[in-house]
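Derivation of every value follows stated rules applied to the coordinates shown; laboratory data play no part. Just so we're clear, the structure is a prediction, and the values are computed from it rather than from any experiment. Cβ sites come from the backbone with ideal geometry, for glycine too, and all protein chains shown count toward neighbours.
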Amino acid sequence: MMKKGFLFLGLFVFCGMFGQSNLQINRTIEWANYYFINENYKTAIAKYLSLNDNIPQDARRNFAKSYAMIGNLKKAEKTLRPIVDSNEALVLDYYHFASYITENESLKNEYRQKALRLPIADMIFEPYMDMESPYKLINLNINTTESEFGAYLLENKDETRLIYAKKQSEKYNQGLKKRIKSNSDIYNLYHAKFNYRDIKVDEETPFPEGINSVFQDGPASWDELNNQFYFTRSSGNYEKEELIQLDLYSMNYSEIGEKTASPLSINLNGYSTLHPAVSSNNRRLYFSSDRPGGYGGMDLYYAAILPNNSLGVPVNLGPDINTPADEIFPFVYDEKFLFYSAKSNAGKMNLKLAINSVDIRWHVRNLPNPFNGNNDDFSFHLNNGLDYGFLSSNRPNGKGDDDLYVFRFTPKIEGLPDKYTYSPTDTLIVSTNGVLVNDEKQLFANDPLTALFQKKIELNQNVKHGKIKLNSNGSFLYKNNTPLKEIDSFSYVINSKYGKSNPVKVILDRSTISLDKLPENLQQTFLPIYYNYNDSDLLLNYKNRVDAVALAMVQNPQLVVEVSSYSDCRGKRKYNLELSEQRNQTIINYVKNAIEKPERVFGKGYGEDRIEGNDTKDYLILGGTFESLKLAEKRKKEFISNGNNAEIKVNIDGLYQIIMGQANTAFEAKKIYNKLKNEGIETWVSRCECCNLTEDQHKLNRKTEFKIIRY
């Protein structure tokens, strides 16, 4: 065996001391992002700070958000400024930067205006074309040949009532002034009991006067915090064209039947203000209006609901939602999800979902089937607990013009398999690209309604060759403890209110770098080493190759190398396995003594097992060779019927050989031959195909190879 002494060790150490490597920088970023995504903001900040100027833009954004989350807006502003002052700023950069500015309101608005001039990023992920919708629309029993629309489920602690609009009764029609024209029928508001179990409506009742009038009333919404009831009503004002103007009214819900509703301050004479939708949590009233200053037609707006139930200045929802056509019937769920109807170029109303990104910027997409059909679909609504939903449509097979439809909220929860690459010497850190990321995207592509509820990750099957910490948000840490295992795996389930997904498998693939991906000088470094027959010592004429490997690993402290050694096919497999392990350990020990972090080099001896075509022992006792498989099978049956073992093997020439026995030595082979001969069975002894190789060919199999695991 070689002695372990190195004159060049000092040079190795010197060469490995230059600066912080890209690998170290990347790992620091990974750790910082991991702490950020798991809301450990102070630790994340410390990691980001250690990077100095070596911080990419995505990490810088998280860095700034970390400061903001602990309340240090000044440092958040300073951290994000290099991005907003560059040409690579995104919409969210400007808005976040504006939110970090604490004193200069005009500067805030300047950055908001910059953001409005940029397009919002698309949420790209294609739905599965053959996916069947998990939702079934049910036509409600209260529908008639006339129109029913604008369903709103008012969920009070004392009652749950379905509120909707339907054609005005004769009681109110008699007082309608003939001089007032409408482009459609006149409607009033009704309420009824919604039977959850049977999906039907009972006890239909019109609202009393004070809500209903001789004019058009509905649809409606309700502010549960202030018990304030909002609804649309046609006003007594009309223009020269004698078209009705629609306004918004409100009153305390507990005072219905006792008092009269009052018009809202945001109504604008000469323009319609209609279709109220309350977002109780962020205290906003959303509505549609054709008032001046919009993008054309009916636009969507919001106004802040102030403490005394007065309203702030209307704010247009911006270019992501509003177009020159009509946007109507808003409905807000959980602040950030806005459903509405938009009129297409063909005049059809389509249901859309807009997800709030920040301020008035939204990601918008059409709702899929069955919510959008070939006719008008509008007035979408969901109950608070996401158990049921409603919409209005004039689709075929309904009972009348516009009908009310209900559906149970039954999303299908499923995940996508993932694959990550790890280095066995380091912890795999998965942060912003956790296992839930692609699941959420695919779920949203298939069914946008899955964005509305929380999903958590649970470990289903643990890893086999290491340890894993899997967080509920899909981020995880994995440390391998068996570096020779090239693949590990685990599975998880997505858990939600609507049940769990089937197990989703994640493959953890040990990294490998092909030599042609390395710098040219390193490609010539990791060359194989060969041995004399039955010898594990490092030949002197290959020592320079091992020295080159050790030097490369010192000069490149990120390098991780697997060492694999082999024997030729002659001799016993067990002995050859031990011999190859001795060869392997010789090389590993030599390199380990030269490098820091000796765990960066590891490996195993494989004996003769991986030699191509080496599937037998060294000597074969043959009972026949045939060109025909049929004849070989017939002869094999004869041997077996007489109590002998027999197998068929195809040799290199394509002939069918009947093998009566195998041995690793000539002596053992002769014993088998003589035993069969004494039984009257003629056989002959042949060397295995691999054993007939030339000595030069055998030497090529007696080797140690290097595989680059990480560079």
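General observations
- Relative to the longest principal axis of the Cα atoms of the chain, the long axis of helix 105-116 makes an angle of roughly 70 degrees.
- Sparsely packed chymotrypsin sites (Phe, Trp or Tyr not before Pro) within the stretch 484-571, loop by DSSP, other Cβ within 10 Å at most 13: Y533
- Gain upon complete extension [T144, R197; 0.36 nm per residue less C-alpha separation]: 16.9 nm
- Length-normalised contact order of the stretch 268-318 in % [C-alpha pairs under 8 Å, at least 6 apart]: 26
- Reachable lysines, given that their alpha-carbon falls under 22 Å from the alpha-carbon of K592 and they are not under 8 places away in the same chain: K3, K4, K479, K485, K543, K604, K703, K707
- Multiplying the residue separation of Y530 and L655 by 0.36 nm and removing their Cα-Cα distance gives an extension gain of 41.6 nm.
- A straight line joining the Cα centroids of the stretch 30-97 and the stretch 632-711 runs 67 Å.
- Tensor-based shape of the stretch 138-408 (alpha-carbon gyration tensor, a/c under 1.5 rounded, otherwise prolate or oblate): rounded
- Whole-number percent relative contact order across the chain, with pairs defined as alpha carbons under 8 Å at least 6 apart: 9
- Computed from Cα atoms, the angle from the helix 666-678 axis to the main principal axis of the chain rounds to 80 degrees.
- In plain terms, the residue of L631, L92 with the fewest other Cβ atoms within 10 Å comes first and the most crowded comes last, giving L631, L92.
- The overall shape of the stretch 241-326, judged from the alpha-carbon gyration tensor, is oblate: a/c is not under 1.5, and a/b is no greater than b/c.
- Prolate/oblate/rounded label for the stretch 619-687 (Cα gyration tensor, a/c 1.5): oblate
- Calculated FRET value between L515 and L484, using beta carbons and R₀ = 25 Å, to 0.05: 0.80
- Spin-label model, S169/R81: points 7 Å from Cα along the beta carbon direction are separated by 6.8 nm.
- Under 16 Å from K166, Cα to Cα: lysines that are on another chain or at least 8 residues apart: K193, K399
- When each of E103, E578 is scored by the number of other beta-carbon atoms lying within 10 Å, the sequence from fewest to most is E103, E578.
- Cβ crowding within 10 Å, taken as a proxy for footprinting-reagent exposure, orders F476, F331 from fewest neighbours to most as F476, F331.
- Only helical runs count toward this figure. For the chain, summing -39,500 (n - 2.57) over DSSP H runs of n ≥ 4 and dividing by all residues gives -7000 deg cm²/dmol at 222 nm.
- Length released on extending from Q523 to S106, taking residue separation times 0.36 nm less the Cα-Cα span: 144.2 nm
- Lysines whose Cα lies under 26 Å from that of K441, excluding same-chain neighbours fewer than 8 positions away: K65, K136, K336, K352, K412, K419, K455, K456, K469, K497, K500, K505
- Loop-resident trypsin sites (Lys or Arg not before Pro) (DSSP state other than H, G, I, E or B) in the stretch 569-634 with no more than 12 further Cβ atoms inside 10 Å of their Cβ: R610.
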